[in-house]
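Asks: One structure coming up, written as structure tokens, with questions to follow.
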Amino acid sequence: MAKEFKRYLVTSALPYANGPVHIGHLAGVYIPSDIYTRYLRLKGCDVISVCGSDEHGVPITIKARKEGVSPQAIVDRYHALIKRSFERLGMSFDIYSRTSSETHAKTASEFFRKLYDDGKFIEKTSEQYYDTEADTFLADRYIVGTCPKCGNERAYGDQCEACGSTLSPDELINPHSAVSGSVPVKKKTTHWYLPLDQYEGFLREWILEGHKEWKTNVYGQCKSWLDGGLQPRAVSRDLDWGIPVPVEGAEGKVLYVWFDAPIGYISATKDLTPDWEKYWKSEDTKLVHFIGKDNIVFHCIVFPSMLKAHGGYILPENVPSNEFLNLEGDKISTSRNWAVWLHEYLDEFPGKEDVLRYVLCANAPETKDNDFTWKDFQSRNNSELVAVLGNFVNRALVLTQKYFDGVVPACGDLTDYDRETIREMSEVKARLEDNIEHYHFREALKDAMNFSRIGNKYLADTEPWKVWKTDPKRVETILNIALQITANTAIAIEPFMPFSAEKILRMLQLENFGWERMGATDLVEDGHRIGKPELLFEKIEDDVIQKQLDKLAATKAANQAAEAAQNIEPQKESVSFDDFQKMDIRVSTILEAEKVAKTKKLLKLTIDTGIDKRVIVSGIAEHFTPEELVGRQVLVLVNLEPRMLRGIESKGMILMAEDASGKLRLLQPDDKVTCGAQVG
């Protein structure tokens, strides 16, 4: 039997304050968290929802260094942007705090100091990378090199963003400092470690035996970590941005961001209420962490071990985590600006907050990675929100205005079909509750939308616009039931689309109902006057979507150009003008072209150089067919020493350029030029 709780504490992963929030964050963490919190509030539960900006760590210092400003300036800017964006989207956090607050610094320091005084840490001296030019130790993220697994030349010392592999700085090929560009050296440094291996037994019993109900991806990742054997994890770093380690002799060292950040949930609760301890230290409280899958190890292994070591704190009952959301078939990337940013969406789609909330929940990556596309966004808005939900609400209200001047008619005798429709509402409510309680929000949204589907079917089957001609009394009952379904719809969709729920109630001229009233058929009283009907949703046209696709296309082009620029070879050694004068480059025409037998890359070309006809062997067969080359004018270095290639004497070289994609391009004149014309 499931345990009954007196109160709920809901936390949402703290977003890094080094950039805006995007749709991947929303689909993975914040929309599910808000749905769950709003549901509990509608049920009348004692629940608080806490979140805040994670304002320490290397990504923030990197951003600050790039912009030439202080880390504080960065976090101030993005904390304000994120907080305001969440408010505009309707996120119902009880507090949105920040880890640069005094309360947090005090709470994190005291937490560390208790573990330190209780002998829970081990102290280790090890060799870490050090930048001698910048005179600083390098965090993993400050070390850049070639990924040993995919060959990406811009992999970080903790992760390759190209292939997603977790790395260590020692694995990188040709590592160099992201600060100065120099090759780092190894230097000894001392840090404190939380010996996670000592908590394996506790974690196995607590997770693998006690929480088999956790989502498969969470439970499986925890089991994989535990089966692989846990190692001590550093809780301090050599940095000048963060909470100083509160120990003598720890100058220049701060708390590691993944020790500091989850304590932010505790400090935020302290700022919210003086009764914070009942939410963190009472077994009558259900603690639920909403996180992204890249945070599973920290919230299920590291933070619980910290809480266990400290003592006195409850542990999370559940840690719902979604998979990743991609964008138009490509992985969302903040560094490549490949994202739909929340603040930009809110500016460009005013009044359509619920459309985004709906689409991200309907397409949530709950069991596997999913893809957000603008065409799907448009389709779901037009065919589901407009054509189903909006259509039903509008019909129910408009028909009431038309036939009864906006006054709710009395409900008369019920037919079997009426009773079946009312019973179906109760069945949907039960499924809806069960899905939310088990964090199946995508299915829960379908259940919530089913109220409007029931309503549409009811109106279509009963046809009040036809019945009115013969039996107006029957229409009174039909529209009364339709309005009851409308009010029930407002309750059902509130956790998912709060703005739309509020608009429905405003049109009905009713106050909010509690969750327990869902399924009732007396929500709208006889004789009550409803308000003026308005469209709940508007159709999104093709040109609006095309604008977003064009925006992404421009981003992709800019990324390709930037990548090409990074891959440009450095300038070679200088040559004298006399040396350059020795090169004889002529406009030439390709007369014949054929593949060289038993090779993949070589073509045999017969060339008219204007001074003679000669053969050149060129390794371009993977880029051009012989047929497309014949007749093309090219530039040829005619005085290159002849070479024998596969038994063929090659006399000269065709000039080429390689673009960002690796495709070879012929260098050729814009207009037809006489063969033999010199270039120089």
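Asks: Just flag the GluC sites (Glu not before Pro) in segment 242-277 sitting in loop per DSSP whose Cβ has no more than 16 other Cβ atoms within 10 Å.
Replies: Answer in residue order: Glu248, Glu251.
Asks: Just in segment 386-477: which trypsin sites (Lys or Arg not before Pro) are loop by DSSP and have at most 12 other Cβ atoms within 10 Å?
Replies: Lys469
Asks: Of Lys6/Lys212; Lys212/Lys293; Lys63/Lys556; Lys63/Lys186; Lys598/Lys672; Lys66/Lys556, which pairs sit farther than 27 Å apart, going by alpha carbon to alpha carbon?
Replies: Checking Cα-Cα distances, Lys598/Lys672 exceed 27 Å.
Asks: Leaving ligands, DNA and RNA out of it, work out the accessible area of Thr367 with a 1.4 Å probe and give it in Å² to the nearest 10.
Replies: 110 Å²
Asks: Please compute the length gained on full extension between Asp584 and Val630, using 0.36 nm multiplied by the number of residues separating them and subtracting their Cα-Cα distance.
Replies: Value of the extension gain: 14.3 nm.
Asks: Suppose only helical runs count, i.e. DSSP H with n ≥ 4. What mean residue ellipticity at 222 nm does that imply for the chain under -39500 (n - 2.57) per run, divided by all residues and rounded to the nearest 500 deg cm²/dmol?
Replies: -11500 deg cm²/dmol
Asks: Something else about it: So, with a 1.4 angstrom probe, what is the percent of accessible area on segment 281-383 that is carbon and sulfur?
Replies: 44 percent
Asks: Note down the accessible area of Asp135, probe 1.4 Å, to the nearest 10 Å².
Replies: Asp135 has an accessible surface of roughly 110 Å² with all protein chains in place.
Asks: If you don't mind, there's one more thing I want to ask. Quick one: angle between helix 441-462 and the longest Cα principal axis of the chain, in degrees between 0 and 90, rounded to 10, please.
Replies: Tilt of helix 441-462: around 60 degrees.
Asks: Sticking with this structure for a sec: Give me the percent of the accessible area of segment 113-254 that comes from carbon and sulfur atoms, probe 1.4 Å, all protein chains in place.
Replies: Accessible surface attributable to carbon and sulfur in segment 113-254 totals 45 percent.
Asks: Counting only protein heavy atoms and using a 1.4 Å probe, what share of the accessible area of segment 449-577 belongs to carbon plus sulfur, as a whole percent?
Replies: So the carbon and sulfur contribution to the accessible surface is 50 percent.
Asks: In square angstrom, what is the accessible area per residue of segment 230-379 with a 1.4 angstrom probe?
Replies: I get 34 Å² per residue for this part.
Asks: Right, something else. On the full set of protein chains, 1.4 Å probe, figure out the accessible area of Tyr129 and give it in Å² to the nearest 10.
Replies: In the full protein context, Tyr129 sits at about 30 Å².
Asks: Averaging the inverse of every distinct alpha carbon separation and then flipping it gives the Kirkwood radius. What is it for the chain, in angstrom units?
Replies: Mean inverse Cα-Cα distance, inverted, gives 30.0 Å.
Asks: Ala387: net charge of surrounding residues, Cβ under 14 Å, Lys/Arg +1, Asp/Glu -1, itself excluded?
Replies: Computed value for this residue: +3.
Asks: Suppose all protein chains stay in the model; what accessible area per residue would a 1.4 Å probe give for segment 65-191, in Å²? Write down the numbers at each step before the final one.
Replies: On the way: 6460 Å² over 127 residues.
That works out to 51 Å² per residue.
Asks: Ok, one more. Students sometimes get this wrong: rank Cys147, Cys675, Cys411 by accessible area, probe 1.4 Å, all chains present, largest first. Spell out each step's value before the answer.
Replies: On the way: Cys147 0, Cys675 35, Cys411 60 Å².
My answer, sorted largest first, is Cys411, Cys675, Cys147.
Asks: A further question on this structure: Among DSSP beta bridges whose residues both lie in the chain, state the antiparallel percentage, nearest 5.
Replies: Antiparallel: roughly 70 percent of the beta bridges in the chain.
The values are calculated or read from the model by the stated rules, or taken from the named source; none is laboratory data. Computed from a predicted model, the values in this text were never measured in an experiment. Because the Cβ atoms are built from the backbone with ideal geometry, glycine has one as well, and the counts that use them run over all protein chains shown. Areas reflect the complete protein model, heavy atoms only, side chains present, ligands, DNA and RNA absent. Shrake-Rupley method; radii C 1.70, N 1.55, O 1.52, S 1.80 Å.
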